[in-house]
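**Student:** Have a look at the structure that comes next, please.
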Amino acid sequence: MFRVRFKINSTSMSKLKKIVEDAKDSRCKEIDLSDKGIQNINEVPGLMMLDHLTQLTMSHNKLTAVPPSIGELSNLTLLNLFNNTIEELPTSLSGMQQLKHLNLGMNRLYHLPRGFGSFPKLEILDLSYNNLTEQSLPANFFFMTSLRALYLADNEFEIIPPEVSKLHNLQILSLRDNDLVSVPKEVGDLRKLRELHVQGNRLTVLPPEIGRLELTGSKGVFKLDRNPWVQPIRDQLQVGITHVFEYIKSETYEYLYGRHMSANPAPPPKKADKTKKTSRKPLAHKNK
């Protein structure tokens with residue numbers, strides 16, 4: 001049994017080595033190592049020597065961590081680590097100055113490393129399907145003013161810090177399926193925002209400032225179902241999203257919102273049992 005297992009690993013390693021050598025010889029700038037059963041990035045022979053790479057995809061593997069040596073791939077503009085079991089990220093990751101697209105979705109992250117917001121060119125950041133909360137974000141997270149799309153769906157956020165207003169180039173903000181009890185009024189300052197996803201949270205009201213945004217019409221997306229809205233919003237939602245949007249811009253709603261906030265009601269209880277999330281299941285090697 002052990003000989004067969006070793007043979008499979010050796011064959012896989014030979015294939016990985018050939019992919020890397022071919023990329024080195026041809027000076028190919030893109031390499032796809034998805035779904036190769038890789039458990040450690042440093043085990044891929046010669047990968048960190050490919051400093052000419054601009055795109056690296058290692059999605060659907062078995063990675064549990066990202067080594068500090070990832071910073072040696074200083075010319076990467078795209079790094080896709082979607083659907084692994086990553087629990088830790090190195091501080092060297094934020095030193096990748098050319099990175100424009102970073103996909104860390106569907107992993108096991110509970111926190112982000114210090115300095116994570118130091119990406120000067122990052123445009124798309126996907127952190128969906130992890131275990132992040134507002135406490136997980138480093139102090140400079142909202143310094144990434146080049147961001148156009150931020151995906152935080154299916155995490156554990158209860159609030160979004162008001163500093164989100166600093167992301168003035170943001171066009172897509174996905175907060176679906178968290179535990180949000182409020183949306184900060186500062187989201188209304190994101191004048192370039194065209195998609196806002198807040199469905200599946202614990203929201204009862206929205207700040208009137210959301211009405212400043214252009215989220216309806218042919219170019220806008222505004223999704224807010226599966227929330228325990230106050231009755232007036234619920235009534236408007238039955239008619240359509242456009243009616244909700246017009247309602248929250250009205251003086252009637254502004255008065256209702258003010259009274260609601262002054263009453264300081266207790267937030268709705270958590271409904272979803274997230275203990276069974278894939279991102280929370282113990283890793284097999286930790287059970288041994």
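The values are calculated or read from the model by the stated rules, or taken from the named source; none is laboratory data. Here the structure is a predicted model, which is why all the values come from computation and not from measurement. All Cβ positions, glycine included, derive from the backbone under ideal geometry; neighbour counts span all protein chains shown. To get the accessible areas, we keep the full protein, side chains included, count just its heavy atoms, and leave off ligands, DNA and RNA. Shrake-Rupley method; radii C 1.70, N 1.55, O 1.52, S 1.80 Å.
**Student:** Using R₀ = 51 Å, calculate the FRET efficiency as 1/(1 + (r/R₀)^6) where r is the Cβ-Cβ separation of residue 74 and residue 271; round to 0.05.
**Tutor:** After rounding, the FRET efficiency stands at 0.70.
**Student:** Let me spell out the model: positive unit charges on the Cβ of Lys and Arg, negative unit charges on the Cβ of Asp and Glu, origin at the Cα centre of the chain. What dipole size does that give, in debye rounded to 20?
**Tutor:** That gives a dipole near 980 debye.
**Student:** Can you put 172, 31 in order of accessible area, largest first, using a 1.4 Å probe?
**Tutor:** If we order 172, 31 from most to least accessible, we get 172, 31.
**Student:** Using label points projected 7 Å from each Cα along Cα→Cβ, tell me how many nm separate residue 49 and residue 249, to one decimal.
**Tutor:** Taking the simple label geometry, residue 49 and residue 249 are separated by 6.1 nm.
**Student:** So how much accessible area does residue 176 have, in Å² to the nearest 10, using a 1.4 Å probe?
**Tutor:** Counting only protein heavy atoms, the figure is 50 Å².
**Student:** If you roll a 1.4 Å probe over segment 87-162 with all protein chains in place, what percent of the accessible area is carbon or sulfur?
**Tutor:** Looking at segment 87-162 in its full context, I get 52 percent from C and S.
**Student:** Can you check what the Kirkwood hydrodynamic radius comes to for the chain, Cα pairs only, in Å to one decimal?
**Tutor:** Mean inverse Cα-Cα distance, inverted, gives 20.9 Å.
**Student:** Follow-up question, since we're still on this one. Dipole of segment 111-203, Cα-centred, from +1 at each Lys and Arg C-beta and -1 at each Asp and Glu C-beta, to the nearest 20 debye?
**Tutor:** Charge dipole of segment 111-203: 400 debye, to the nearest 20.
**Student:** Then there's this: What residues of segment 114-152 lie in the reach of a label at residue 169, counting those whose backbone N is under 13 Å from a point 7 Å from the Cα along Cα→Cβ?
**Tutor:** 119-125, 143-150
**Student:** Could I have the simple spin-label model distance between residue 88 and residue 195, label points 7 Å from Cα toward Cβ, reported in nm to one decimal?
**Tutor:** Computed distance between label sites residue 88 and residue 195 equals 3.4 nm.
**Student:** Something else about it: How many Å² of accessible area per residue for the chain, probe 1.4 Å?
**Tutor:** Roughly 52 Å² per residue, with all protein chains present.
**Student:** From Cα pairs below 8 angstrom and at least 6 apart in sequence, can you work out the relative contact order of segment 145-288, rounded to a whole percent?
**Tutor:** The normalised contact order for segment 145-288 reaches 17 percent.
**Student:** Could you give the semi-axes, largest first, of the ellipsoid that matches segment 1-149, computed as the square roots of 5 times the alpha carbon gyration tensor eigenvalues and rounded to whole Å?
**Tutor:** For segment 1-149, the ellipsoid semi-axes come out as 28, 19, 11 Å.
**Student:** Right, another one. Could you work out how much longer the chain between residue 12 and residue 219 gets when fully extended? Use 0.36 nm per residue separation minus the Cα distance between them, nm to one decimal.
**Tutor:** Answer, rounded to one decimal: 69.9 nm.
**Student:** Provide the solvent-accessible area of residue 246, counting protein heavy atoms only and rolling a 1.4 Å probe, rounded to the nearest 10 Å².
**Tutor:** 100 Å²
**Student:** Within segment 233-272, which residues have the backbone N less than 14 Å from the label spot 7 Å out from residue 212 along Cα→beta-carbon, could you tell me?
**Tutor:** Taking a point 7 Å out along Cα→Cβ of residue 212, the residues of segment 233-272 whose backbone N falls under 14 Å are 249.
**Student:** Going down the list 36/62; 29/100; 192/219; 62/121, which pairs span over 19 Å between their C-alpha atoms?
**Tutor:** 62/121
**Student:** Now for a separate question. Please give the solvent-accessible surface of residue 212 in Å², to the nearest 10, using a probe radius of 1.4 Å with every protein chain present.
**Tutor:** The accessible area of residue 212 comes to roughly 110 Å².
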